[in-house]
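Notes follow once the structure below has been shown.
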Amino acid sequence: MQRVFITGASSGIGAALAQYYAGQGAALGLVARRQDVLEQLRAGLPHPERHRLYALDVNDHAALTAAAEDFIAAGGADVVVASAGISQGTLTEHAEDQQVFEQVFATNVLATVATFTPFIATMKRQAQAGQRDLRLVGVASVAGIRGLPGAGAYSGSKAAVISYCESLRVELRASGIKVVTIVPGYIDTPMTQVNHYKMPFLMPAPRFAAKAGAAVARGSSYQVIPWQMGVVAKLLRLLPNWLYDLAFSKAPHKARKTKG
Ligand SMILES: NC(=O)c1ccc[n+]([C@@H]2O[C@H](COP(=O)([O-])OP(=O)(O)OC[C@H]3O[C@@H](n4cnc5c(N)ncnc54)[C@H](OP(=O)(O)O)[C@@H]3O)[C@@H](O)[C@H]2O)c1
């Protein structure tokens, strides 16, 4: 039976991935801060008795490591998905946004590292024993491909996730563990439901999860979903800075929480 550990499982992409993998018969380890929401999710999944819940903050690395160790002790892990993440508008000129930058980088980048770390030694042993479907899955964003105005923290954090996962992928190349970078475009989740601007190619979370699950199973190194956003992402990379700056200077900004 496949064993899948997912952070950010109480909502959106993480919850949709939980539904997807549980539907395939997997045993899950589900991480998020809201215990009640995790319990509701588990109750609605096939074989609820198979799934373990870990109500914790991914910025508490000791708690995250203890959860990983508990899940490993119960039978190891085949797929680890770091989906916990936050998105908030920021402007560097506001001193109070410094703490938002810190929270966003901690949750989106450093907690991704802390999610993977406790699994690697055991997964290496599983690979040496002949297992071939071992995956560490980072969740980046199309927002990490070029810096979006008003989203310096989020864009910067997701660019870091893309580069970090690439480093890890090459480091682990000979180990038998595959590192998969999933790059969502706009997916219909509570994170995007607050946006008051047009979101091209917006995709329902269950469809996204099926496509991401297939990319993970293939061992794809880097997958933008939906594919139309993959084309946009490639074009964005090609734009010279002067043209990018002109085109994006009036792009809509994600709201800042802090005032000033
Ligand atoms: N939706 C999109 O269009 C989109 C696009 C690109 C990338 N992404 C990325 O996809 C991932 C999931 O986003 P989503 O759209 O599913 O957002 P979401 O619906 O807001 O879900 C975020 C999840 O992260 C968890 N989380 C946040 N901070 C946490 C913390 N400190 N400790 C533990 N869990 C934490 C939340 O659980 P609790 O609140 O219960 O802790 C929740 O389960 C994020 O990394 C996001 O950046 C999303």
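Counting heavy atoms of the protein chains only and a 1.4 Å probe, report the per residue accessible area for the chain as a whole number of Å².
Details: 12420 Å² over 260 residues.
About 48 Å² of surface per residue is accessible.
Take the eigenvalues of the Cα gyration tensor for region 3-248, scale each by 5, and report the square roots as semi-axes in whole Å, largest first. Intermediate results must be reported in sequence, preceding the final value.
Details: eigenvalues 166, 78, 65 Å².
In descending order the semi-axes read 29, 20, 18 Å.
Can you bin region 192-235 into rounded, prolate or oblate? Criterion: square roots of the alpha carbon gyration tensor eigenvalues sorted a ≥ b ≥ c, rounded for a/c under 1.5, prolate for a/b above b/c, oblate for the rest.
Numbers: a/c = 3.08, a/b = 1.48, b/c = 2.09.
Here region 192-235 falls in the oblate category.
Give me the distance in nm between label points sitting 7 Å out from Cα along the Cα-to-Cβ direction at Ala217 and Ser175, one decimal.
For the pair Ala217/Ser175, the computed spacing is 2.5 nm.
List every residue whose amide H lies under 5 Å from the amide H of Arg135, counting only residues 5 or more places away in sequence or on a different chain, with H placed 1.01 Å from N in the peptide plane.
Val79, Val80, Lys178
Based solely on its DSSP helices, what 222 nm [θ] is calculated for the chain when runs of n ≥ 4 H residues each add -39,500 (n - 2.57) and the sum is averaged over all residues, nearest 500 deg cm²/dmol? If you can, show how the numbers build up before the last one.
On the way: 10 runs with 118 residues, N = 260.
About -14000 deg cm²/dmol.
In a shell of Cβ-Cβ distance under 13 Å around Met191, excluding Met191 itself, what net charge do Lys and Arg (+1) and Asp and Glu (-1) give? Before the final figure, lay out the partial values.
Working: positive: Lys158, Lys254; negative: Asp188.
Surrounding charge for Met191 is +1.
Roughly what % antiparallel, to the nearest 5, for the DSSP beta bridges in the chain? Please list the in-between numbers first.
Numbers: 0 of 31 bridges.
So the antiparallel bridges amount to about 0 percent of the total.
Ignoring any ligand, DNA or RNA, what whole percent of the accessible area of region 3-248 comes from carbon and sulfur when the probe is 1.4 angstrom? Kindly include the intermediate steps, with their values, before the conclusion.
Numbers: 6220 of 11180 Å².
Accessible surface attributable to carbon and sulfur in region 3-248 totals 56 percent.
What lysines does Lys257 reach when the alpha-carbon gap must be under 25 Å and sequence neighbours fewer than 8 apart in one chain are set aside?
Within the straight-line limit of under 25 Å, Lys257 reaches these lysines: Lys158, Lys198.
Quick one: Cα convex hull volume of region 83-197, Å³ per residue? Intermediate results must be reported in sequence, preceding the final value.
Working: hull volume 12.3 nm³, N = 115.
Given the Cα convex hull of region 83-197, per-residue volume reads 107 Å³.
For q = 0.12, 0.19, 0.23 Å⁻¹, what log10 I(q)/I(0) does region 1-121 give under the Debye formula with an equal point scatterer on each alpha carbon and no solvent?
Once normalised to I(0) and log-transformed, intensities are -0.43, -0.94, -1.29.
Would you list Arg173, Arg125 from the most to the least accessible area, probe 1.4 Å? Intermediate results must be reported in sequence, preceding the final value.
On the way: Arg173 200, Arg125 145 Å².
Accessible-area ranking of Arg173, Arg125, largest first: Arg173, Arg125.
The values are calculated or read from the model by the stated rules, or taken from the named source; none is laboratory data. As the structure is a prediction and not an experimental result, all values here were calculated from the model. Counting neighbours? That spans all protein chains shown, and the Cβs are built from the backbone with ideal geometry, glycine included. What goes into the accessible areas is simple: the full protein's heavy atoms, side chains included, and nothing from ligands, DNA or RNA. Shrake-Rupley method; radii C 1.70, N 1.55, O 1.52, S 1.80 Å.
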